[in-house]
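Some notes on the structure that comes next.
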Amino acid sequence: MQALHPSSLRASPPNPLLKPSNRQSHHITTNARQPTRRRSFISASSSAVSAPKRETDPKKRVVITGMGLVSVFGNDVDAYYEKLLSGESGISLIDRFDASKFPTRFGGQIRGFSSEGYIDGKNERRLDDCLKYCIVAGKKALESANLGGDKLNTIDKQRAGVLVGTGMGGLTVFSDGVQALIEKGHRRISPFFIPYAITNMGSALLAIDLGLMGPNYSISTACATSNYCFYAAANHIRRGEADMMIAGGTEAAIIPIGLGGFVACRALSQRNDDPQTASRPWDKQRDGFVMGEGAGVLVMESLEHAMKRGAPIVAEYLGGAVNCDAHHMTDPRADGLGVSSCIESCLEDAGVSPEEVNYINAHATSTLAGDLAEINAIKKVFKSTSGIKINATKSMIGHCLGAAGGLEAIATVKAINTGWLHPSINQFNPEPAVDFDTVANEKKQHEVNVAISNSFGFGGHNSVVAFSAFKP
């Protein structure tokens, strides 16, 4: 048996997925909101509903000051949301490789992507698309936050971090490396094989490029990845470990091994004769999800830091939660307990009552079991469905896996900013159990009070984040 090394007795570093506690007293003011018990929306002394208290400390209030993306609709946030509002489908037949022998031959493939001005020519040739998407989306988010170029030098870079995750990592680089090994031997494997395949390299390269020395790592929780990153990034800020975090998700898995892998899971739609109507969440004829790709990144700051530098605040991150179904690798719990408790924990963390939520950007992947499981879980938390509108971004851009929550968070913030909800397209024959307003086929005007965005992943990973308009 090995003896304990003295270093093994050191205290563990704080877990970024945990909420701040009184033990970090040097970061907590005396009037800070204290943790409360689950289901604390009901007063212990009476049956009356007590309004939860939101965070008021500007050091721990987290605001969104920038957004950046790479998507099937291009790299501009406003253009992306205009396409969503118009109900345009970004799904088409795959032409990046010969998909003719696959039972699914379509997806949300990005075409015409350019990293010019964001990545130099040498790295443009070497980097996996997953990394390129991360770097471009991250830099565009900083531009949106008025921190592009030399302006980034005005902040303390030791207190600015990066947390951009991915579900699959550098899949093209990995696939090419395996093929080189099999066909030509180990000497022909690229020296960039390992660095460009591992999931943390997107965050690392963005930080190296920009000189950001704060918390830096990646989270990989399949399709829940982006929301996990938002939640962890916000907690770094709340605990006083960072003033600013670049957070989100990136993915580039529409390659033969990626497509083939999901085909083997029997997870994908096979509507090859009409790809644009294949992603149809909540419709009775849905037959699986549609692969997408891209990146979605937010710049998250403490309110104090954002105010000091005169940042353009576009929304407030109110809170979030993560948990696990502990049930099955790919199937959701039939009772919805994991998702419903995750929503409840998110609302508690946000200081929000269920009655305040009037918009949900749903996970809604267009799978037979998943769509209804999410709806049933939502109904457990929100007793009245009349005032809540729900929509499905994936109906237009497909399921972008680890990047899905990032792209959907941007859609959620744009809904808050514009007062318009994008439609859930391909709603032809809706399930009777879905008795929410799903913004079917046409955009709707809606003043968002509090929005939540759901993301769930293989492994039973659940994540929910809450946003609202910023109010000083």
- How many residues, within segment 410-422, are surrounded by fewer than 24 Cβ atoms within 10 Å (Cβ to Cβ) and in contact with a helix residue (DSSP H, G or I) (Cβ under 8 Å, 6 or more places away or on another chain)? 3
- When segment 212-226 is examined, which residues are found to be crowded, with 24+ Cβ neighbours inside 10 Å and not in a loop (DSSP other than H, G, I, E, B)? Cys223, Ala224, Thr225, Ser226
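Counting only residues that are among the charged types (D, E, K, R) and free of Cβ contacts under 8 Å to residues at least 12 places away in the same chain, which one in segment 116-137 is most open to solvent (accessible area, probe 1.4 Å)?
Looking only at segment 116-137, we keep the residues that are among the charged types (D, E, K, R), and these are 116, 120, 122, 124-126, 128-129, 132.
Among the residues that remain, those that are also free of Cβ contacts under 8 Å to residues at least 12 places away in the same chain are: 116, 120, 122, 124-125.
Working: Glu116: 155, Asp120: 81, Lys122: 109, Glu124: 58, Arg125: 186 Å².
Selected residue: Arg125.
For residues that are open to solvent by 10 Å² or more (accessible area, probe 1.4 Å), in a strand (DSSP E or B) and of a type outside the set (Lys, Arg), tally how many sit in segment 429-456.
Qualifying residue count for the region: 5.
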- Message: Please count how many residues of segment 314-325 are under 19 Å from Ile375 (Cα atoms) and open to solvent by 20 Å² or more (accessible area, probe 1.4 Å).
- Response: 3
- Item | Test: residue in segment 390-409 that is surrounded by fewer than 23 Cβ atoms within 10 Å (Cβ to Cβ) and either under 26 Å from Ala233 (Cα atoms) or more than 18 Å from the chain's Cα centre (by Cα) (or both) | no
- Message: If I filter segment 269-288 for residues that are in contact with an Asp or Glu (Cβ under 6 Å, 6 or more places away or on another chain) and on the phi > 0 side of the Ramachandran plot, do I get at least one hit?
- Response: yes
- Item | Single match in Arg333, Arg280 (criterion: surrounded by 23 or more Cβ atoms within 10 Å (Cβ to Cβ), of a type in the set (D, E, K, R) and either in contact (Cβ under 8 Å) with a residue 60 or more places away in the chain or part of a strand (DSSP E or B) (or both)) | Arg280
- Message: I need every pair where a residue in segment 443-456 that is in contact (Cβ under 8 Å) with a residue 40 or more places away in the chain and among the β-branched types (Val, Ile, Thr) has its Cβ under 8 Å from the Cβ of a residue that is part of a loop (DSSP other than H, G, I, E, B) and open to solvent by 30 Å² or more (accessible area, probe 1.4 Å), sequence separation at least 6 or different chains.
- Response: Val448/Ala469
- Cβ pairs under 7 Å, 6+ apart or interchain, first in segment 342-364 and at positive phi and buried (at least 19 other Cβ atoms within 10 Å of the Cβ), second in a helix (DSSP H, G or I) and of a type in the set (D, E, K, R), ordered by first then second residue, are Ala364/Asp371; Ala364/Glu374; Ala364/Lys394
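Every residue in segment 203-216 that is in contact with a helix residue (DSSP H, G or I) (Cβ under 8 Å, 6 or more places away or on another chain) and at negative phi, please.
As a first pass, look at segment 203-216 and keep what is in contact with a helix residue (DSSP H, G or I) (Cβ under 8 Å, 6 or more places away or on another chain): 203, 205-206, 209-216.
Listed by number, the residues that qualify are Ser203, Leu205, Leu206, Asp209, Leu210, Leu212, Met213, Gly214, Pro215, Asn216.
For every residue, the table says whether it meets (1) among the small types (Gly, Ala, Ser); (2) more than 21 Å from Ala350 (Cα to Cα); (3) touching a residue at least 24 places away in the same chain (Cβ under 8 Å).
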residue: Asp243; (1), (2), (3): no, no, yes
residue: Ala247; (1), (2), (3): yes, no, yes
residue: Lys284; (1), (2), (3): no, yes, yes
residue: Ala295; (1), (2), (3): yes, yes, yes
residue: Lys308; (1), (2), (3): no, yes, no
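Just to be sure I understand, how many residues within segment 141-183 are closer than 30 Å to Ile237 by Cβ and either in contact (Cβ under 8 Å) with a residue 60 or more places away in the chain or not charged (D, E, K, R) (or both)? Full working, then the answer.
Residues of segment 141-183 closer than 30 Å to Ile237 by Cβ: 141-170.
Applying the additional criterion that residues be either in contact (Cβ under 8 Å) with a residue 60 or more places away in the chain or not charged (D, E, K, R) (or both) yields 141-149, 152-156, 158-170.
So the count comes out to 27.
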- Could you list, in sequence order, all residues of segment 99-115 that are hydroxyl-bearing (Ser, Thr, Tyr), farther than 18 Å from Ala264 by Cβ and either part of a strand (DSSP E or B) or open to solvent by 50 Å² or more (accessible area, probe 1.4 Å) (or both)? Ser114
- Note on the structure: Per the filter on segment 227-247, residues within 14 Å of the chain's Cα centre (by Cα) and open to solvent by 10 Å² or more (accessible area, probe 1.4 Å) are Tyr228, Tyr231
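Which residues, counting only those in segment 144-203, are of a type in the set (Gly, Ala, Ser), surrounded by fewer than 16 Cβ atoms within 10 Å (Cβ to Cβ) and within 23 Å of Leu69 (Cα to Cα)? Lay out the reasoning, then the answer.
Here is the first cut: in segment 144-203, the residues of a type in the set (Gly, Ala, Ser) are 144-145, 148-149, 160-161, 165, 167, 169-170, 175, 177, 180, 185, 190, 197, 202-203.
Imposing the further condition that a residue be surrounded by fewer than 16 Cβ atoms within 10 Å (Cβ to Cβ) reduces the set to 148-149, 185, 190.
Residues satisfying the conditions are Gly148, Gly149.
The values are calculated or read from the model by the stated rules, or taken from the named source; none is laboratory data. Quick caveat: nothing in here was measured; it's all calculated off a predicted structure. Note that each Cβ is placed from the backbone with ideal geometry, even for glycine, and that neighbours are counted across all protein chains shown. SASA here: full protein model, heavy atoms, side chains in, ligands and nucleic acids out. Shrake-Rupley method; radii C 1.70, N 1.55, O 1.52, S 1.80 Å.
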